[in-house]
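This report concerns only the one structure given below.
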Protein chains: 2
Amino acid sequence: MRAALSSTLKKVSAAAAARRPRVAFVSSASHHHRSHHQSNKSTKKRKDDYILGPDLPDIWATPGSISPPAESESGATLAVDAELAQTIIDGKSIAEEIKLGIAKEVHRMKDTIKKVPGLAVVLVGQRRDSQTYVRNKIKACEEVGIRSLMAELSEECAEDEVLNAVSEFNQDPSVHGVLVQLPLPQHMDEDTILGAVSLQKDVDGFHPLNMGNLALRGREPLFIPCAAKACIELLLRSGIKLKGKNVAVIGRSNVVGLPTTLLLQRHHATVSVVHAFTNNPEDVTRVADIVISAAGVPNLVRGSWLKRGAIVIDVGTNPIEDPSLEHGYYLRGDVCYEEALQVASAITPVPGGVGPVTVAMLLSNTLDSAKRFYGIS
Amino acid sequence: MRAALSSTLKKVSAAAAARRPRVAFVSSASHHHRSHHQSNKSTKKRKDDYILGPDLPDIWATPGSISPPAESESGATLAVDAELAQTIIDGKSIAEEIKLGIAKEVHRMKDTIKKVPGLAVVLVGQRRDSQTYVRNKIKACEEVGIRSLMAELSEECAEDEVLNAVSEFNQDPSVHGVLVQLPLPQHMDEDTILGAVSLQKDVDGFHPLNMGNLALRGREPLFIPCAAKACIELLLRSGIKLKGKNVAVIGRSNVVGLPTTLLLQRHHATVSVVHAFTNNPEDVTRVADIVISAAGVPNLVRGSWLKRGAIVIDVGTNPIEDPSLEHGYYLRGDVCYEEALQVASAITPVPGGVGPVTVAMLLSNTLDSAKRFYGIS
């Protein structure tokens, strides 16, 4: 039932270096941004701080004198109202860049304390999409030298068997992240099984205590859900500032919409949440500087929904059947890409946008967990 | 240090009945709303369900055919674009109505199981405003027959003494709600002390696990923070539907803004959160059907910030110094009331709006906790 799939440290440096970001803007802006961040602080910021952003207290301007926050920060930024730059935000390249950094840290960990991070995946049933997702995660682990373990259980197994697998991984000191691939079979209670994952190993960040700590100012979650973290990484690494920006988040799922909204608010964006019951959603998105869509509806967001110069992050990964293709389907985002290209100043493609960075964030969470476990700062 | 202040059941029925809502609209709409809610369900809904609202899954309309949700529900509603009704939402009357219901339930509990709910308050230091708030809460307990206890500690006491007081109340089976009055003295860690309150008695609802459960779809918090619950009660009891409405929440505090936003989303409102870093906040509020302000800035929200016909809930309770007055100050909301009256279709006054209903919600949470403890549905 359980097999160690990989504990070898593959050298990804060369491969990743060969795949430098294709969009020069993205990687250079990223460097600007990070150096700015560090210069603002006397101590070197941890990666987590960087992602969580400064959680400043609200000090309101006195009535009548409210003015936009001063844009004194230097560094490359996307001028959302300027002439369209039509940047394709290259998620693959950004993911490679992140994985390169993770691989280095894993390597160093192995050299210094003879340990590597471990990620355990629980997969129940034979869903082809779940199998693909799990395979991608395990492959990514191999790339950066994270040890991966998997428990594969049959569709018909009892809930207790899943709970036992989770419990075994919870107790295994070589495992620092435990992930239950969703969706689970109908006869199982998702809340019970997700709730059984040790808080210290909940690299998906779906535990309600984690979510509460993400929501509450002054508290820090142990893990930020990967897709939400990916959206913010894509924006920050593209040199896009979030403070004071109007952001429309489409969709309010526990897995993407909700944590993305909470994380954006930590970065002081002004967030509006659009959902299926929103009247005239296009009225909300049309005034947004940044639109993040995680609705799961192909082509929901038309060109007419976007302000000229808007930045578009498309989390949607919707399979569209096409018997003429090898796999029988292709992937479409929530955004009508061709139309958006005419209006947006920057956009993530599907596939190759949020997806690969989400996997990289899972590796990042696993690394962080291992560092916490071994007391490495 | 600790004294039982009241365990007598006062008869509030007569007093409350004498103070029927002054604004006829508010109480009649309230009845409409409730009867509608009940007719939709075969089983009688619990009060909590009513407040939490139906948490429907998001089923998106297909692209291009998105239309406003059908307004098939009957019952009185505020037509926000109709001629200005200039309803003053009378928080005092609504609070009395709620307390009347609570008093009846407490009475029944005493009759049937010879127990009453108990609320324990921990007050540290001599802040006059805190003393006033605590006094109001204890007085409200007396009105409905809830037993109240108080631990008063000096400003200079050690954090451990506060933790001991909390722990004692946690263990006392006659106490169903434990509340630590904020703010605490500077030398104490608020998170530690609030985190020490038993999850089952956290009637303020500030525990991160509670907040996570409020945020996550499919989960239910044990308690909803009182001010947030009060805002939604004021709206629902005034016959205002939330589903599909554009709501601007001003402020994102852990205590008010955040839980109000999360609760509004459970009611399928489209929520935008405005804060101190929002560029041109008036652009956001001006398109909102409902504006809820919890910024703590007197007169922040001008008449020009509001759409004609908007509904305004003012959570702000800002003391303005005035030596000519007996107490040396008067209270002002976040909203410039006189200006808002010219534009809004409904508004809560300060004082007499959200405040009294917030206290009523504390009693409601304490009653719910006692019912849960004694297994009463």
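Note on segment A:195-229: among residues that are among the hydrophobic types (A, V, I, L, M, F, W, C) and facing another protein chain (nearest Cβ under 10 Å), the one that is farthest from B:Ser253 (Cα to Cα) is A:Phe206.
Can you name every residue in segment B:258-283 that is part of a helix (DSSP H, G or I) and more than 7 Å from every other protein chain (Cβ to nearest Cβ)?
B:Pro259, B:Thr260, B:Thr261, B:Leu262, B:Leu263, B:Leu264, B:Arg266, B:Glu282, B:Asp283
Residues of segment A:103-137 that are part of a helix (DSSP H, G or I) and over 27 Å from A:Pro319 (Cα atoms): A:Ala103, A:Lys104, A:Glu105, A:Val106, A:His107, A:Arg108, A:Met109, A:Lys110, A:Asp111, A:Thr112, A:Ile113. Only one entry of A:Gly251, A:Gly218, A:Gly244, A:Gly195 meets the criterion of being open to solvent by 50 Å² or more (accessible area, probe 1.4 Å), within 30 Å of B:Val271 (Cα to Cα) and in contact (Cβ under 8 Å) with a residue 12 or more places away in the chain, and that entry is A:Gly218. In the set (1) touching a residue at least 60 places away in the same chain (Cβ under 8 Å); (2) within 19 Å of A:Ser154 (Cβ to Cβ); (3) touching a Leu at 6+ places or on another chain (Cβ under 6 Å), the condition left unmet by A:Leu182 is number (3). Looking only at segment A:263-280, count every residue that is surrounded by 24 or more Cβ atoms within 10 Å (Cβ to Cβ) and in contact (Cβ under 8 Å) with a residue 12 or more places away in the chain and tell me the total. Result for segment A:263-280: 8.
For the criterion of being among the charged types (D, E, K, R) and touching a Phe, Trp or Tyr at 6+ places or on another chain (Cβ under 9 Å), B:Lys115 passes. Annotation: of all residues in segment A:296-338 being part of a helix (DSSP H, G or I) and more than 11 Å from chain B (Cβ to nearest Cβ), the one that is nearest to the chain's Cα centre (by Cα) is A:Tyr337.
Could you please find all residues in segment B:157-183 being assigned to a loop (DSSP other than H, G, I, E, B) and modelled with pLDDT of 95 or more?
B:Cys157, B:Ala158, B:Asp172, B:Pro173, B:Ser174, B:Val175, B:His176, B:Gln181 - these are the residues of segment B:157-183 that are assigned to a loop (DSSP other than H, G, I, E, B) and modelled with pLDDT of 95 or more.
Can we say A:Ile240 is more than 9 Å from chain B (Cβ to nearest Cβ) and more than 11 Å from the chain's Cα centre (by Cα)? In short, yes. Of the residues making up segment B:137-158, not a single one is open to solvent by less than 20 Å² (accessible area, probe 1.4 Å), over 25 Å from the mean Cα position of the chain (by Cα) and small (Gly, Ala, Ser).
If you filter segment B:302-358 down to residues that are among the aromatic types (Phe, Trp, Tyr) and under 20 Å from B:Ile290 (Cα atoms), you find that the one that is surrounded by the most Cβ atoms within 10 Å (Cβ to Cβ) is B:Trp305.
The values are calculated or read from the model by the stated rules, or taken from the named source; none is laboratory data. All of these numbers come straight from a predicted model, not from anything done at the bench. Ideal geometry is used to build each Cβ from the backbone, glycine not excepted, and the neighbour counts take in all protein chains shown. What goes into the accessible areas is simple: the full protein's heavy atoms, side chains included, and nothing from ligands, DNA or RNA. Shrake-Rupley method; radii C 1.70, N 1.55, O 1.52, S 1.80 Å.
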